[in-house]
Structures are given as structure tokens and as C-alpha cells.
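Step one of this worksheet: look at the structure below.
Values quoted throughout were computed directly from the atomic coordinates according to the rules given, and no laboratory measurement underlies them. Note that the coordinates shown come from a computational prediction; the quantities given were computed from them, not determined experimentally. So basically every Cβ, Gly included, is an ideal-geometry build from the backbone, and we count neighbours across all protein chains shown.
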Amino acid sequence: MKDTFKHQGMRQKLVAIVKDKGIKDDKVLTAIGKIPRHLFMDSGFLDHAYQDKAFPIAADQTISQPYTVAFQTELLKIKRSDKILEIGTGSGYQTAVLCELGAEVYSVERQHELYKKTSKFLPKLGYRAKKFVFGDGYIGLENEAPFDGIIVTAGAPFVPKALLGQLKIGGRLVIPVGESVQTMTLIIRKAATDFEQHEFGEFRFVPLLEDRN
Ligand code: SAH
């Protein structure tokens, strides 16, 4: 599969749409303008790749809407070399955005099919996450903690305690919290036991699942 001028043109329109909806961070917009989203989707959906919409991928999961990816990434305020934990690798599109921003990415996925597919696919595009892990996002990655930022890309019914404990002081957790509809939530660790919470708009994600069925 290729990245053509046509795809590049469609991508610039997508950048304009996402910017119009309120995304201001130039680095995030540049990343969206660069990443060939059509290559992250099943071929049946190629025509939809540059619409600002979520779409089905393997294992009954979805590739998040570009605006949502941009919104969450903007909230993380990533600096180059920041150590970032991503929960929900999925298609790897969000992982690629994090890599474009120069983050050192640790990405966890609970669906084996997606873990296998995406950990092979992303390096082919030149996106090298530090580590792909087949595991459970509720637990996080204790042995690699602490992180400058943690991003959860599935809807969490509650904020997993383990993730709070894996943030550096000053670290930021961006997590959609709720059952059928989620409130985008930013939690900043101000001190060991002091967490500041900010809430943003409502979003809809597939659920962060607690078992492997
Ligand atoms: N960022 C991805 C989003 C995929 S949807 C993308 O844009 O492609 C959410 C992902 O979270 C799915 O791949 C799903 O399998 C994964 N997921 C769900 N519950 C999880 C859990 N407990 N731990 C890790 N990943 C989980």
C-alpha cells in the first residue's frame, strides 16, 4: 500500500477540520498531517480514512477519531524524550502520533491479535515504540514506571489506581472515564499523594475491558 498525493491532499483537509474543531498544538497538527492513516485501516474502509471519524478495526475494536486522538495528545503536553505509557494500542495510530512527537512510547494491548499485528506493522512505517506489551491496562506497567504521561484510549468505568501510582510527580494521566459515555479527564500528580483533576467534554470509546473474553 502506498501513500499518494491524493492521500496527502485528503490529510491536509483533515488537519484543517481538526484545527477548526479547536486543536491548537502545531506539533499535534503536523503529526496528523504526516501519518498515513489509511494504512492503519482495513482496506474496506480506505475511502473513509481521512474523515474525522472512528472506524472498525480487527477484534471488534476501533481506530479512534482523529479529533479525539489530537485532543488527548494535546492534553498530555508531550516534550521530546518523555516516557509515555499508552493503554490500548489498537491500530497503532495514536502510538504513531506519540512517536512523531518524540516520545518514548510503551504501549499495552489486551487483544492478542491487535498486539501482534500492530507491533509488526508500526516499525515498517518507521514508528518505533520502545515496547509493545500484551497485557492489561488496569495494571499498567509497574516495572517501567514512572511515566511523564499516561494515555488511556478506551473508556474506563473508573480511574485504575495502579495508573495513578505509575505517574512521575508532575506527570499527566489522560483518561476517558464513564460507562456508555465518557468524560475526558486529565489528572496531574502534584505530589506523592496530591492529584489535581480537570474534566473536559464527553466522548465515546469502546470499553476498557477487565477480562480477556
Ligand atoms: N488508540 C487506538 C484505540 C483503539 S480502541 C487506535 O486509535 O487504534 C481501544 C483499544 O483498547 C482496543 O484496541 C482494545 O482492545 C484495547 N483495550 C481494551 N481494554 C484494554 C485493557 N484492559 N488493557 C489494554 N488494552 C485494552
- When the Cα centres of segment 16-81 and segment 162-203 are compared, how far apart do they sit, in Å? 21
- Message: Charges on Cβ only, +1 for Lys and Arg, -1 for Asp and Glu, centred on the Cα centroid of segment 72-213; of LEU75, SER91, GLY140, which one is farthest towards the dipole's positive end?
- Response: SER91
- Query: Residue by residue through segment 132-137, which ³J(HN,Hα) values in whole Hz follow from phi under the Karplus form 6.51 cos²θ - 1.76 cosθ + 1.60 (θ = phi - 60°), with glycine and proline marked x?
  - Reply: 9, 10, 8, x, 10, x
- Once fully extended, how much extra length lies between ASP3 and LYS21, figured as 0.36 nm per residue of separation less the alpha-carbon to alpha-carbon distance? 3.9 nm
- Hey, what angle do you get for helix 112-124 against the long axis of the chain, alpha-carbon based, 0 to 90 degrees rounded to 10? 60
- Task: Let me know the whole percent of all Cα-Cα pairs from segment 64-203 that are separated by more than 17 Å.
- Result: 55
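From the P(r) of segment 83-137, could you give the percentage of C-alpha pairs in the tail past 19 Å?
In whole percent, the long-distance tail amounts to 12.
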- Task: For a footprinting-style exposure proxy, rank LYS24, LYS130 by other Cβ within 10 Å, fewest first.
- Result: LYS24, LYS130
- Any residue on another chain or 5+ positions along whose placed amide H is under 5 Å from the amide H of PHE147 is listed here as LEU167, LYS168
- Neighbourhood net charge (10 Å Cβ-Cβ; Lys/Arg +1, Asp/Glu -1) for ARG11: +3
- Using alpha carbons only, how many degrees (0 to 90, rounded to 10) separate the axis of helix 66-76 from the longest principal axis of the chain? 40
- LYS131 to ASP60: FRET efficiency via 1/(1 + (r/R0)^6), r the Cβ-Cβ distance, R0 22 Å, to the nearest 0.05? 0.30
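Subtract the Cα-Cα distance of ARG80 and MET10 from 0.36 nm times their separation in residues, and report this length gain in nm to one decimal. Spell out each step's value before the answer.
Values: separation 70, 0.36 × 70 = 25.20 nm, distance 2.78 nm.
Taking ARG80 through MET10 to full extension adds about 22.4 nm, to one decimal.
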- Query: Once both axes come from the Cα atoms, what is the angle between helix 5-20 and the longest principal axis of the chain, in degrees from 0 to 90, rounded to 10?
  - Reply: 40
- Item | 222 nm mean residue ellipticity, helices alone, for the chain (DSSP H n ≥ 4; -39,500 (n - 2.57); rounded to 500) | -8500 deg cm²/dmol
- Note on the structure: Counting only residues 5 or more apart in sequence or on a different chain, those whose built amide H sits under 5 Å from that of PHE55 are ILE63
- Query: Leaving out same-chain residues fewer than 8 places away, which aspartates and glutamates sit with a Cα under 16 Å from that of LYS13?
  - Reply: ASP3, ASP26, ASP47, ASP52
- Message: Using a 10 Å cut-off around each Cβ, can you sort VAL97, VAL15 from fewest to most neighbouring Cβ atoms?
- Response: VAL15, VAL97
- Message: Less than 18 Å apart at the alpha-carbon level, and either on another chain or at least 8 residues along: which lysines does that give for LYS77?
- Response: LYS19, LYS24, LYS27, LYS168, LYS190
